[in-house]
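Below is one structure; the comments refer to it alone.
The values are calculated or read from the model by the stated rules, or taken from the named source; none is laboratory data. Only a predicted model underlies this, so the values are computations on that prediction, with no experimental measurement involved. Don't worry about glycine lacking a Cβ; one is built from the backbone with ideal geometry, like all the others, and counts go over all protein chains shown. For the accessible areas, the whole protein counts, side chains as well, though only heavy atoms, and no ligand, DNA or RNA atoms are used. Shrake-Rupley method; radii C 1.70, N 1.55, O 1.52, S 1.80 Å.
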Amino acid sequence: QLQASGGGLVQPGGSLRLSCAASGRTFSSATVGWFRQAPGNKREFVAAIRWTGGSISLGSSVKGRFTISRDNAKNMVYLQMNSLKPEDTAVYYCAADSAGLGVRVRPGEYDYWGQGTLVTVSS
């Protein structure tokens, strides 16, 4: 019900846009978030957006470089990643908090997860 796509190999300083396709009524008012996990690291909050109202939160390590947006008509959420750094290399996951009462930053607050998409930033 959540499908992430758009990962790949990009050089430092480059850009990528990740997409998260949501299907099902469960997500009609959900908060959708992006998390990432590098080998040996904990899952890290990247960004989230409320479906209703559009409130946004960004992780401190990506502020000023990443943006999150949504297209309600298409049930899509996007993560635009600019000025990518090698330390951004990770598997990126989209997730949904079906309650949608706020913008959550902890993985445990999300009840639906998509499969990950690998982003590799390397020259």
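None of S57, S28, S19 is over 19 Å from V121 (Cα atoms) and under 12 Å from the mean Cα position of the chain (by Cα) except S57. Mind counting the residues in the stretch 6-39 that are under 22 Å from I56 (Cα atoms), surrounded by fewer than 14 Cβ atoms within 10 Å (Cβ to Cβ), modelled with pLDDT of 95 or more and small (G, A, S)? So the answer is 1.
Apart from one condition, F66 fits all of (1) in contact with a Ser or Thr (Cβ under 6 Å, 6 or more places away or on another chain); (2) farther than 18 Å from Q115 by Cα; (3) open to solvent by less than 20 Å² (accessible area, probe 1.4 Å); the exception is (1). Looking across the stretch 14-52, the residues that are of a type in the set (A, V, I, L, M) and within 17 Å of K85 (Cα to Cα) come down to L16, L18, A38, V46, A47. Counting only strands (runs of 3 or more DSSP E) that sit wholly inside the stretch 58-121, those with at least 1 residues that are modelled with pLDDT under 95 are 66-71, 76-81, 90-97.
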